[in-house]
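The values are calculated or read from the model by the stated rules, or taken from the named source; none is laboratory data. Just so it is clear, the model here is predicted, and its values are computed rather than measured. Reconstructed Cβ throughout: ideal geometry from the backbone, glycine too, with neighbour counts over all protein chains shown. Surface accessibility is based on the protein's heavy atoms, side chains included, excluding ligands, DNA and RNA. Shrake-Rupley method; radii C 1.70, N 1.55, O 1.52, S 1.80 Å.
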Amino acid sequence: MKAELTKAQSKVMAYLRSYIGEHGMSPTYTDIANHFGFNPGNAYQTIEILARKGYVNRIKGVCRGLTLTDHADIVLPDINDEEYWYDGVFKPQLYQRDVVDAIKSAGMKVKETS
């Protein structure tokens, strides 16, 4: 079981989830520090604490090397499901709609094109 988070740590975790969901990569320590108005050293210490508590994994020496341990899995629909086929013809619009819904339900943003 993971250790409890302080309010400040919970805010950093929410920021990490939001940033990763929006940008597809983790923020830098400077990004975190700028967002919360403290110095990069404090951001580093906060991330170290979150790593020790089991909420993030940090790849040392890699810029933007943070991953969340509690991320949601994306469960994609089965392309062979009969819902996506009509008389042997694949219906990509329906499949794409369901893939986008699965990605959104995992908490990630999707740039939809028209």
Problem set entry | the chain: most fluctuating residue of 48, 82, 22 per GNM, C-alpha cutoff 10 Å | 82
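If you count only protein heavy atoms with a 1.4 Å probe, what accessible area per residue comes out for the chain, rounded to a whole Å²?
Details: 7960 Å² over 114 residues.
Value for the chain: 70 Å² per residue.
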For this session: Compute the signed sum of charges (Lys and Arg +1, Asp and Glu -1) over the other residues within less than 14 Å, Cβ to Cβ, of residue 49.
Result: +4
For this session: Keeping to pairs on different chains or 8 or more places apart, tell me how many lysine pairs in the range 2-100 have Cα atoms under 20 Å apart.
Result: 4
Seminar exercise, completed: For residue 62, placing the label point 7 angstrom along Cα-to-beta-carbon and taking the range 1-38, residues whose amide nitrogen sits under 16 Å are 20, 24-29
Seminar exercise, completed: Of the residues 40, 20, 56, the Cα lying farthest along the dipole of the range 1-87 towards its positive end, which is defined by charges on the beta carbon of Lys, Arg, Asp and Glu, belongs to 40
Seminar exercise, completed: Per the helix-only model, the chain has a calculated mean residue ellipticity at 222 nm (DSSP H runs of ≥4, -39500 (n - 2.57) each, divided over all residues, rounded to the nearest 500) of -14500 deg cm²/dmol
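Given an 8 Å cut-off on Cα distances and at least 6 residues of separation, report the relative contact order of the chain as a percent.
Details: 92 pairs, mean separation 24.0, N = 114.
With pairs under 8 Å counted, the relative contact order is 21 percent.
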